[in-house]
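The values are calculated or read from the model by the stated rules, or taken from the named source; none is laboratory data. Every value quoted in this text rests on a predicted model; they were computed, and no experiment measured them. Virtual Cβ from ideal backbone geometry, glycine too; neighbours counted across all protein chains shown.
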Amino acid sequence: MEQLNLSTLIWLRMVRFVQNSNQLSNEHLRAYGLTVAQFEALAHIRNFQPITQSQLAEGLTVSGAGISRMLSRLEADGLIVRQQDWKTKHISLTDLGRERLEAAFPSQLAQQSSLFDEVLDEGEKRQLHALMKKLYDNSEAHRE
C-alpha cells in the first residue's frame, strides 16, 4: 500500500474531527430533541428569516431532497412554518422553534468551544482559524 502524503493525512484528520464533533453534538442535542443538521437549519433560518428553501439548502450545502425531508420533520414538530407566496415558499421559525433554539444554543456553543479550549491556547486558536480560512478560501476558488 502506498504511503499517504502529509496533505492527505491532514485532510483525513479534519474529516475525522468533523465526524467526531458531529457525533458529540448529536448526542448533546438529543436532550433538546434536535440533530446537528436540524440545529444548523434552525440557526440559519433564525438569522435569515424569512428564507426560501433553496436559499436554506445553499446556505447549509444540503441537497434539495435532504432539505425537503428535514423541513417536513421540523414543520411536523412545530418548529418552523412554511408560507406560500405565489411560487415561492418562505420559511420562518415558530415561537416553539425559537424557544427550542434559544434553549439549545448556549450549551451547544459551549460544547463545541470546549473541543478547542481544552487543548489550544489563544494563539493556537488564532493560528488555526487563519489556516482554516486560507484552506476554505482556496476550496471556494476551486468551486468557481
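Among the numbered criteria (1) assigned to a helix (DSSP H, G or I); (2) of a type in the set (S, T, N, Q); (3) in contact (Cβ under 8 Å) with a residue 40 or more places away in the chain, which single criterion is violated by Ser54?
The failed condition is (3).
Given the criterion in contact with a Ser or Thr (Cβ under 9 Å, 6 or more places away or on another chain) and on the phi > 0 side of the Ramachandran plot, identify the matching residue among Gly78, Gly64. Steps first, answer last, please.
Working: Gly64 fails: on the phi > 0 side of the Ramachandran plot.
Sole residue among the options that is in contact with a Ser or Thr (Cβ under 9 Å, 6 or more places away or on another chain) and on the phi > 0 side of the Ramachandran plot: Gly78.
For region 86-100, name all the residues that are outside any helix (DSSP H, G or I) and either within 11 Å of Leu29 (Cα to Cα) or aliphatic (A, V, I, L, M) (or both). Before you say what the answer is, go through the steps one by one.
Within region 86-100, the first condition is being outside any helix (DSSP H, G or I), and the residues that meet it are 86-94.
Residues satisfying the conditions are Ile91, Leu93.
Would you point out which residue out of Arg73, Arg126 is under 18 Å from the mean Cα position of the chain (by Cα) and either in a helix (DSSP H, G or I) or not small (Gly, Ala, Ser) (or both)?
Working: Arg126 fails: under 18 Å from the mean Cα position of the chain (by Cα).
Of Arg73, Arg126, the one residue that is under 18 Å from the mean Cα position of the chain (by Cα) and either in a helix (DSSP H, G or I) or not small (Gly, Ala, Ser) (or both) is Arg73.
Being in contact with a helix residue (DSSP H, G or I) (Cβ under 7 Å, 6 or more places away or on another chain), within 20 Å of Asn26 (Cα to Cα), modelled with pLDDT of 90 or more and basic (Lys, Arg): is that true of Arg82 here? Before you say what the answer is, go through the steps one by one.
Details: in contact with a helix residue (DSSP H, G or I) (Cβ under 7 Å, 6 or more places away or on another chain): yes; within 20 Å of Asn26 (Cα to Cα): no; modelled with pLDDT of 90 or more: yes; basic (Lys, Arg): yes.
Criteria not met by Arg82.
Looking for something among the hydrophobic types (A, V, I, L, M, F, W, C), in a helix (DSSP H, G or I) and over 25 Å from Ser139 (Cβ atoms) - is there at least one such residue anywhere in region 12-31? Show your work before the answer.
So the first thing to find is which residues in region 12-31 are among the hydrophobic types (A, V, I, L, M, F, W, C), and the list is 12, 14-15, 17-18, 24, 29, 31.
Now drop any that are not in a helix (DSSP H, G or I), which leaves 12, 14-15, 17-18, 24, 29, 31.
Now restrict to residues that are over 25 Å from Ser139 (Cβ atoms): 29, 31.
Within region 12-31, one or more residues are among the hydrophobic types (A, V, I, L, M, F, W, C), in a helix (DSSP H, G or I) and over 25 Å from Ser139 (Cβ atoms).
Within region 101-123, can you find the residues that are surrounded by 13 or more Cβ atoms within 10 Å (Cβ to Cβ) and either touching a Pro at 6+ places or on another chain (Cβ under 9 Å) or not in a helix (DSSP H, G or I) (or both)?
If the condition is that a residue be surrounded by 13 or more Cβ atoms within 10 Å (Cβ to Cβ) and either touching a Pro at 6+ places or on another chain (Cβ under 9 Å) or not in a helix (DSSP H, G or I) (or both), then Leu120 is the only one that fits.
Return the residues of region 84-97 that are more than 17 Å from Leu56 (Cα to Cα) and surrounded by 12 or more Cβ atoms within 10 Å (Cβ to Cβ); say none if nothing qualifies. Give the derivation first.
From region 84-97, those more than 17 Å from Leu56 (Cα to Cα) are 86, 95-96; that's our starting set.
Correct list: Leu96 only.
Hey, Ile67 hits all of (1) modelled with pLDDT of 95 or more; (2) surrounded by 13 or more Cβ atoms within 10 Å (Cβ to Cβ) but one; which does it fall short on?
Looking at each condition in turn, Ile67 falls short on (1).
Within region 93-144, count every residue that is touching a residue at least 60 places away in the same chain (Cβ under 8 Å), closer than 16 Å to Ala41 by Cα and either touching an Asp or Glu at 6+ places or on another chain (Cβ under 9 Å) or not small (Gly, Ala, Ser) (or both).
Let us first name the residues in region 93-144 that are touching a residue at least 60 places away in the same chain (Cβ under 8 Å), namely 100-101, 103-105, 107-108, 111-112, 115.
Those left that are additionally closer than 16 Å to Ala41 by Cα: 100-101, 103-105, 108.
So of that shortlist, the ones also either touching an Asp or Glu at 6+ places or on another chain (Cβ under 9 Å) or not small (Gly, Ala, Ser) (or both) come out as 100-101, 105, 108.
Of the residues in region 93-144, 4 are touching a residue at least 60 places away in the same chain (Cβ under 8 Å), closer than 16 Å to Ala41 by Cα and either touching an Asp or Glu at 6+ places or on another chain (Cβ under 9 Å) or not small (Gly, Ala, Ser) (or both).
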